[in-house]
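This report refers to the structure that appears directly beneath it.
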Amino acid sequence: MSRPQAPYDGVAVCAPVTAPYVRFSNESAHWWAGAALRQLREDAGLAPADIDGFCFASFTAGPDTAVGMAQHLGLTPRWLDHLPTGGASGVMALRRAARAVQCGDAELVVCLAADTNAIDSFRHGLANFSRFSQDAVYPYGFGGPNATFALITDAYMRAYDVTREDFGKLCVAQRANAGSNPLALQRKPLTMDAYMGARPIADPVHLFDCVMPCAGAEAFIVTTPEIAASRGLPAANVLATIERHNAFPDDPVQLRGGWEMDIDSFWQASGITPADVDCLQVYDDYPVIVAMQIEDLGFCPKGAVADFIRTTSFTIDGDLPLNTNGGQLSAGQAGAAGGFQNMTEGLRQILRQPLGEQVRDAQIALVSGFGLVNYDRGVCTGAAALRAQR
Amino acid sequence: MTTRPPKETRDPVARKKARHLSPGKRSRAMHAMSARAAQGRFVLQVCEDCGEATYPPRDACPVCWGELDWEDQPNGATVLCETSVRVSTNLYFRDHLPWRMGKVALDAGPVALVHLHRSLGPDDRAVVRAMLDRGGNAALFALPSPGDIDMTDPQLREFVVPITGKTVLVSDARSAIGLEVVKAMHAAGAALVVAGMAPPDRRLGAGEEVLSLEGVQQMPLDITDQTSLSEALSKVGGPLDIVINTARYVRAGGVSSGGNLVDQRHAFDVSAMGLSRLAQATGPMLAGRSHGAFVDLISSDALIGSANHAGFAAAEAARLALLQSFRHEMRGGGVRVMSVFTGPVDDEHHQKVPPPKVAPRRIASAIVDALTQGREQTCVGDVAQDAMARWLDDPALYAREKNL
C-alpha cells in the first residue's frame, strides 16, 4: 500500500486559454506559444516578469526545448519543466506545477503546449517518432497511429462486444458538442449514417474515428489562491491526480490503460465519486480510447462499456457531458496541445468561461490524459479531478 | 504450340514505374536482427541473466536490466488482431495498399506487429518468419503453416523473388553447376533462361539436352571480356530480372609453394573482376524491375582463405568484398543481392578433393530456394555450413584451423 496522496492545498488553477486552431500553419511552434501567451496577457494581464515557473510541451518546437522556449519568449523562471508526453502532458503539467507552487518553488507557473502543422508535418512527425516505431511499426504498412489503434480497436471490439455504432454514438455526441464551439475545426453535424458510411482508413477504424491534425496552442496558469484572487481570476482546486507510465506491459494488446492501477486511490483522495462529475474531458485520439477511459476511470465496470454507452447521453445537456468542446475528434488535434485541451475545457466549464455552451451547474470536472504510442500502445496516462473555488 | 509461361513485356512509351523502398531507418540492435534474418534465422534477444526473450530489439533487458544476446527462437505464434492499412503517407506502401498487418503472440514470449498473410485472421496459428523487406531490413511475416502457403499473396511476393515468367541470365552455363542452374530455372518456370556460353566454343556433350530446351537461349558470354559481356546483354530481348553468377575458376595451389601465378591472375579475373563487370553491366537493368535479383555463387573459402586453393580463395574473398559493396548499391533500387556459399563441389574441378562434396544439382536447388524464400545468404552443404558457423563464432580460431 503506497502512501496516500497529500492534498493540493494552496493551489489555484486558472486562466485557461486557447490559441484558435488552424488546419495548416506555416508559423512555428514558437509563434503558437507566443499566441497563447498573448492570450494570457489579455485575459490575465500577465507580463514575462510575472512568470516564475514554466512547463512546456510540444512535438514541433525542435531543436528547441523548454530551455530555448524560455529564452525565446523572454521568461526568467526559477522552475522549468519540459514534457514529451503528448496526450498526457496536460494532466502531468498540472501535477508538477501544483506541487511546485504548493512547496514554494514557484508562485506562478504557466503550463503551455504549442504545436504547428505544416502541409507535410504529419508525415515528417511520423517518420521520427520513436525507436520502437522505426524498428517495429513503420515497416509494417506505415499506417501511423491509425494502424496501431486499428489493432487495439479490433481486439477491444471482439473482447468486449463493442460495435462501431457504440463508437459512433461517442463521435456523434462530441460533434454535437462542437456545434457551439466557435473554435472547433469540424462543427458540421455528424449523423450516425455518415459515421457508419465513412471510408475505411485501417479497418475497423474509419474516417470519423480519426482526429484532424492541426496547429494551435493551449495554456493555463497554476498559482496560489491569493495571486489568482489579486488578479481577479476565477480558479479551481485540484482534488486529486494520478499518473502512470508503461502500465500492464504484459497485456498482449492494450485493452486497459494505466488509470486502472491507481483509480481506487484516486477517487479516495478526491473525496468524490464518478457520480459527482459534472463533465468528463478525456483524451480522444480514437473513440476506443474514450471507451477505455470510461471503464478504467470507473464510470462503468470493465467490459460493460457498450451498455453504458447505449444508455448514457454524452452531449452538453446529457447525463455525462463528454468532451464538451467537441474534443480532438471535432475541435482538432494540435499536437501536444491535444493533451492540454481536455484541461483547458474542463477548467472553462467549471469556471463558467465556456467557448460554447455551458454545462449547467458545472462544479467538478474530470480530466484524463493518454499519450505517446511508443510501440503498440499508449504509454502515458493520467487523470485529475478539479472543483471550482466558489 | 508453346508450353512456356509468357514472358513479361514492357510498353516502350509508358512512363517508367518509379520503384520505392519500404522505410529504412533502424536502430543498431535492429540491424543485428536483420543480419541474422539475412541468413534465414528467426532470432530474438534473450537476457543473459533472467532468460526472458524480448522484442522489439532493446539494449537492456526490460525485466532485470541484464545484457541481451541473440538466440534462435521457436517461430510459432497465435494471431491476436488484424487490420488492413488503407491510407499511408509512405510512397512504397501507397503502391501496395491495402496492406494487411496484425499483431501476434509469439510462442517465444513477446508480442509483435507482423505482416499478415491473407489467409490468416485472429486466433489462427501462424509461423513467423524474419524476412528481408524491400529496404533490406528484417521484418516479421506471419504465414500459415508450411505446405499450405499461398505464394501468390501479393504482400508475400514483395519479400521473395518469383521465378515464373521471368528472364534469367546464367553467367556460366557450360560448367556442371551452370547446367544444373539452367535446368532448375527452366523447371521453376522462368520464361527465358539466357545461358552464358564461355569460350572456346566446343561440343556441348551432356549439356546438349538442357541447353536446347525451349525457353533456353545459348549466348556467347565471357565475363572476363567487356566486349563479349556488352554484346551478350544487348542481345537479351526485353527486360532482365534475375542474374545468377555461376562463373568461377577453381585451381589448386598455394602461394609460395605450388602457386601458379597465371592461374591466380585468371581466378581474380573471373571471380573478382568478372563480378564487377557483370554487376556494372546488369545492375541498372535489374534496378528497373519489380523483382530484380542478383545471385552470386561463392566459395566458403572466401571467408578465411585456403592453404590448398590459395589463389582461388583469395579471388573469391575479393569477390565477396565486391559483392558486399554491390549489395549496398543495389539496396536503393530494391534489387536483392544474394550469396550462395558452397564448399567443394562434386565436379571436374574437385577430383582430388575427398568428400563431402556438394552435387551441382543441390547448388541449383539451393539457388531456387534462396530466390523463392527471399533469403539473402545461403550456405549449401555441410562444408559451407560448418565454415560459416565457425567463422561467425571465432574467425581468428577458424583462420588458424583452416590453414594449419
Difference of contour (0.36 nm per residue) and Cα-Cα distance, B:His266 to B:Ser325: 19.0 nm
1.4 Å probe, heavy atoms, protein only - residues of the stretch A:243-273 losing at least 30 Å² accessible area vs chain alone: A:Pro252, A:Val253
Chain lengthening between B:Leu392 and B:Arg361 when straightened (0.36 nm per residue, less Cα-Cα): 8.5 nm
Where labels lie 7 Å past Cα in the beta-carbon direction, separation of A:Thr65 and B:Arg94 in nm: 3.5
Axial C-alpha extent at least 27 Å, average Kyte-Doolittle at least 1.0 - helices from chain A (DSSP): none
Tail beyond 40 Å, pair distance distribution of chain A (Cα, percent): 8
Carbon/sulfur fraction of accessible area - the stretch B:28-157, other protein chains in place, 1.4 Å, %: 46
Placed amide H near A:Ser313: partners under 5 Å, 5+ positions off or other chain: A:Asp319, A:Leu320
Prolate/oblate/rounded label for the stretch A:27-116 (Cα gyration tensor, a/c 1.5): oblate
Virtual spin-label span in nm between B:Trp70 and A:Ser313, 7 Å along Cα→Cβ: 6.2
Solvent exposure, largest accessible area first (probe 1.4 Å, DNA, RNA and ligands not counted), of A:Lys188, B:Lys17, A:Lys302, B:Lys166: A:Lys188, B:Lys17, A:Lys302, B:Lys166
Given B:Lys17/B:Lys103; B:Lys166/B:Lys235; B:Lys166/B:Lys357, the pairs whose alpha carbons are separated by over 21 Å: B:Lys17/B:Lys103; B:Lys166/B:Lys357
10 Å binning of all Cα-Cα separations within the stretch A:325-390, expressed as whole percents from 0 upward: 20, 47, 25, 7, 0
Rg to Rh, two decimals, where the stretch B:290-341 supplies the alpha carbon set and Rh follows Kirkwood: 1.08
Radius of gyration, Dmax [the protein assembly as shown; alpha carbons; angstrom]: 32.4, 106
Tail weight of P(r) past 19 Å, computed on alpha-carbon pairs of the stretch A:263-390, percent: 45
Sum of side-chain charges, A:Ala362 neighbourhood, beta-carbon under 9 Å (Lys, Arg +1; Asp, Glu -1): 0
Viscosity 0.692 mPa s, temperature 37 °C, Stokes-Einstein D of the stretch B:167-402 from Kirkwood C-alpha radius, µm²/s: 184
For the protein assembly as shown, with +1 on Lys and Arg beta carbons and -1 on Asp and Glu, the positive-most of B:Gly334, A:Cys300, A:Gly327 along the dipole: B:Gly334
Lysines with Cα under 20 Å of A:Lys188, excluding same-chain neighbours fewer than 8 positions away: A:Lys169
Rotationally averaged projected area of the stretch B:277-404 (alpha carbon convex hull; nm²): 8.3
Accessible area of the stretch B:167-402 belonging to carbon and sulfur atoms, whole % at 1.4 Å probe: 53
Max mean-square fluctuation residue, GNM over chain A, Cα-Cα springs under 10 Å, options A:Pro287, A:Pro16, A:Pro200: A:Pro200
For the stretch B:1-59 and the stretch B:114-180, distance of Cα centres in Å: 10
For A:Leu75, net neighbour charge (Lys/Arg +1, Asp/Glu -1) across residues whose Cβ lies under 12 Å away: -1
Diffusion constant of the stretch A:200-325 at 10 °C, which comes from Stokes-Einstein with the Kirkwood Cα-pair radius and 1.306 mPa s, µm²/s: 92
Average accessible surface area per residue within the protein assembly as shown, 1.4 Å rolling probe, Å²: 40
Complex-versus-alone comparison for the stretch B:3-42, residues with a loss of 10 Å² or more in accessible area, probe 1.4 Å: B:Pro23, B:Lys25, B:Arg26, B:Ser27, B:Met30
Pairwise burial B:A, computed as accessible area of each alone minus the pair, summed, 1.4 Å, Å²: 3000
Value at 222 nm in deg cm²/dmol, rounded to 500, when DSSP H runs of n ≥ 4 in chain B each add -39,500 (n - 2.57): -9000 deg cm²/dmol
The stretch B:59-142: trypsin sites (Lys or Arg not before Pro) in DSSP loop, at most 15 other beta carbons within 10 Å: B:Arg118
Helix-only [θ]222 nm of chain A, DSSP H runs n ≥ 4, -39500 (n - 2.57) each, per residue, nearest 500: -10500 deg cm²/dmol
Residues losing 10 Å² or more accessible surface upon assembly, the stretch B:68-83, compared with the chain by itself, 1.4 Å: B:Leu80, B:Cys81, B:Glu82, B:Thr83
Dipole of the protein assembly as shown, positive end: most advanced residue of A:Phe132, B:Met151, A:Gly68 [Cβ charges, Cα centre]: B:Met151
Residue-count net charge about B:Arg248 - beta-carbon cut-off 11 Å; Lys, Arg +1, Asp, Glu -1: -3
Electrostatic dipole magnitude of chain A [Cβ: Lys, Arg +1; Asp, Glu -1; Cα centre; debye, to 20]: 480
Virtual spin-label span in nm between A:Gln389 and A:Arg158, 7 Å along Cα→Cβ: 5.2
Gaussian network model of chain B, springs between alpha carbon atoms under 10 Å - residue of B:Cys50, B:Cys61, B:Cys379 with greatest fluctuation: B:Cys50
Assigned charges on the beta-carbon of Lys, Arg, Asp, Glu; the stretch B:167-402 dipole about Cα centre (debye): 180
Chain B: C-alpha gyration tensor shape, a/c 1.5 cut-off, then a/b vs b/c: oblate
Charge dipole magnitude, Cβ of K and R +1, D and E -1 - the protein assembly as shown, Cα centre, debye nearest 20: 2020
DSSP-defined beta bridges in chain A - what % are antiparallel, rounded to 5: 70
DSSP bridge pairs, the protein assembly as shown: antiparallel proportion in percent, nearest 5: 60
Among A:Leu151, A:Phe122, A:Cys111 the positive-end extreme of the charge dipole of the stretch A:104-169 (Cβ point charges): A:Leu151
Projected area averaged over orientations for the stretch B:28-157, convex hull of C-alpha atoms, nm²: 8.1
Nearest-0.05 FRET efficiency for A:Asp9 and B:Glu208, computed from C-beta distance (R0 60 Å): 0.05
Value of Rg to Rh for the stretch B:1-80 (Rh from inverse mean 1/r over Cα pairs, i.e. Kirkwood): 1.28
Convex hull of the stretch B:91-191 built on C-alpha atoms - directionally averaged projected area, nm²: 8.6
Unpaired by the 4.7 Å Cβ criterion, cysteines found in chain B: B:Cys81, B:Cys379
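The values are calculated or read from the model by the stated rules, or taken from the named source; none is laboratory data. Everything numeric in this text was worked out from a predicted model, so none of it was measured. With ideal geometry, Cβ positions are generated from the backbone for all residues, glycine too; neighbour counts draw on all protein chains shown. The area values use the complete protein model at the heavy-atom level, side chains included, leaving out ligands, DNA and RNA. Shrake-Rupley method; radii C 1.70, N 1.55, O 1.52, S 1.80 Å.
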